[in-house]
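To keep things clear, I will list the structure first and then write my remarks on it.
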Amino acid sequence: MDIAVIGTGYVGLVSGICFAEMGNHVICVDQDINKIAALQNLVSPIYEPGIETFMERNVQAGRLEFSSNLIQAVRHSELIIIAVGTPSLPSGEADLQYIEQAAAEIGRAMSGRKIVATKSTVPVGTNEKIRRIIAQHTEVPFDIVSIPEFLREGSAIQDTLHPDRIVIGLDNRELEAAMVELHSSFTDQIFVTDIRSAEMIKYASNAFLATKISFINEISNICEKVGADVTEVAQGMGKDPRIGPSFLNAGIGYGGSCFPKDTKALIQIAGNVNYEFQLLKSVVEVNKAQRYKVIEKLKESLGQLHDTVIGIWGLSFKPNTDDIREAPSLEIVEALINMGAKLKLYDPVAMGKFRERYDHPSIQWCGNALEASINADAVCLLTDWQEFKEISLSQLIYQMAQPILIDGRNVYAKEQIEGAGLHYYSVGRPEPIAAFRSQVSV
Ligand code: UDX
């Protein structure tokens, strides 16, 4: 199929590459000419493991192109995918200006009959709005489809090539066979529904996952007080297939470009129809409070933080990405600076982006994790990068002024910590970790 993808952010670029990988011809369009120039030189604007190899392979095979000419891309394609950003407005509502602009431009460029599919996360009813806007600019008939995207940063290519499911929302049933066939090379788990339900599935899924995280974080806070181990609790809960084991890792809360934005947007969507989504409001509040637990633990172990030296390991909102959008590290770092602490920051890939957003004379930027621990009164692990899991804890203690490690992601096993001589604080686990689990299954 000839496909145009409008917007080369995470969703657009990765979808475009993966549709090309499956043998389609794809033109990825963006109005940012610098971004397009970089992409034409096979430089990815996002950090995503393996992305440039996939880009290169498909460009060389003549299946993938990058262009800032939307009109030509639309005219050349049967399917036009809208994948522009829907950032949050100050109210929490999704800002649809880029969607509206894209729809108008697609309408003006329309030559023959096309299918316009939306992959951007948009409030219920937006696809109908897109239909109206396009129709204002063209007489040519067209169809609207909603194909929400569920990829995760850091594993975006693999998630797109091997999705758990694909949701397709449409109202013209004649399109069903073509849309299912297009996606059948990715998976046979294809769920076809109406457009409004497809739009809602995306928000409801993200809100549910965010709820799972806030739920286990609250359980972890209780575990700390009653002496239970949240990692054991999560494993035990996860054995129930109705609950499932994933997204039950307690930590310092969720960040990123989706959960914070989409939870707030869903609260607004509900509010617009006079429904107060109380549960989701609490999920957001719990998430905000959770990141400050790190600071509470620092205070508990060091007393006051003025003039202390704190090493920070990890700035991105999760591993394998340089994305710091809504990362808990942003608020934690700023709060520590305001308390008079001196910080030594290290992240394998996100330091550049963090520094563009926030810098301060009390911050020392370090070349590796151990450097960030030299003479530190405490180290806080904020992102669960693999390299932190492999660090030599005996070397760490040797370099620190005081051997205090605040593990915001529970990355170290009991066996690694025991005997390491560390003062170790994690999330929802007794200290020292006293968990005992029988390996015998009955
Ligand atoms: C998420 C959804 O998973 C994806 O389906 C959707 O399309 C976009 O939003 P992403 O934001 O890339 O993807 O990251 P994800 O891996 O879901 O993690 C989100 C945040 O939750 C991270 O900050 C992560 O650290 C946190 N998290 C995740 C936890 O704190 N505990 C968990 O158990 C899982």
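Multiply the residue separation of ARG113 and GLN416 by 0.36 nm, subtract the distance between their alpha-carbon atoms, and state the gained length in nm to one decimal. Before the final figure, lay out the partial values.
Numbers: separation 303, 0.36 × 303 = 109.08 nm, distance 6.18 nm.
Extending this stretch completely gives an extra 102.9 nm.
Compute the length gained on full extension between GLN31 and SER392: take 0.36 nm times their separation in residues and subtract their Cα-Cα distance, giving the result in nm to one decimal.
Details: separation 361, 0.36 × 361 = 129.96 nm, distance 4.69 nm.
Roughly 125.3 nm would be gained on extension.
Between LEU89 and ALA204, 0.36 nm times their residue separation minus their Cα-Cα distance comes to what? Write down the numbers at each step before the final one.
Numbers: separation 115, 0.36 × 115 = 41.40 nm, distance 1.97 nm.
Gain on extension, LEU89 to ALA204, equals 39.4 nm.
Suppose we keep just the alpha-carbon trace of the range 291-425; what are its Rg and Dmax in angstrom?
Rg, Dmax (Cα atoms, Å): 13.4, 40.
Considering only DSSP beta bridges with both partners in the range 2-193, what is the antiparallel share in %, to the nearest 5?
Working: 3 of 29 bridges.
Among the beta bridges of the range 2-193, antiparallel pairing accounts for roughly 10 percent.
Residues with beta-carbon under 9 Å from that of PHE317, excluding PHE317: net charge, scoring Lys, Arg +1 and Asp, Glu -1?
Working: positive: LYS318, ARG325; negative: GLU153, ASP323, GLU326.
Once all neighbours under 9 Å are counted, the net charge is -1.
Which of LYS225/LYS264; LYS119/LYS281; LYS35/LYS353; LYS264/LYS299; LYS225/LYS389; LYS264/LYS293 have a Cα-Cα distance over 20 Å?
On the way: LYS225/LYS264 30 Å; LYS119/LYS281 26 Å; LYS35/LYS353 17 Å; LYS264/LYS299 31 Å; LYS225/LYS389 26 Å; LYS264/LYS293 22 Å.
In this structure, LYS225/LYS264; LYS119/LYS281; LYS264/LYS299; LYS225/LYS389; LYS264/LYS293 lie more than 20 Å apart at Cα.
Taking K and R as +1 and D and E as -1, what net charge do the other residues with C-beta under 14 Å from the C-beta of ILE36 add up to? If you can, show how the numbers build up before the last one.
Working: positive: LYS35; negative: ASP30, ASP32, GLU65.
Overall, the nearby charge balance is -2.
Tell me the relative contact order for the range 309-373 as a rounded percent, counting alpha carbon contacts under 8 Å between residues six or more apart. Could the numbers behind the result be given before it?
Working: 106 pairs, mean separation 24.8, N = 65.
Value for the range 309-373: 38 percent.
7 Å from Cα along Cα→Cβ at both ASP194 and ARG132: what's the point-to-point distance in nm?
The modelled label-to-label distance comes out at 1.8 nm.
Given C-alpha coordinates of the range 202-288, what is the ratio Rg to Rh with the Kirkwood estimate of Rh? Walk me through the numbers before you get to the answer.
Working: Rg = 13.8 Å, Rh = 13.6 Å.
My calculation puts Rg/Rh at 1.01.
Please state, as a whole number in µm²/s, the translational diffusion coefficient that the Stokes-Einstein equation yields for the chain at 10 °C and 1.306 mPa s, with Rh defined as the Kirkwood radius across alpha carbon pairs. Intermediate values should be presented prior to the final figure.
Working: Rh = 23.6 Å.
Answer from the Stokes-Einstein relation: 67 µm²/s.
Values in this text are rule-based calculations from the coordinates and carry no lab data. Computed from a predicted structure; not experimentally measured. All Cβ positions, even for glycine, are placed from backbone atoms using ideal geometry, and neighbour counts span all protein chains on display.
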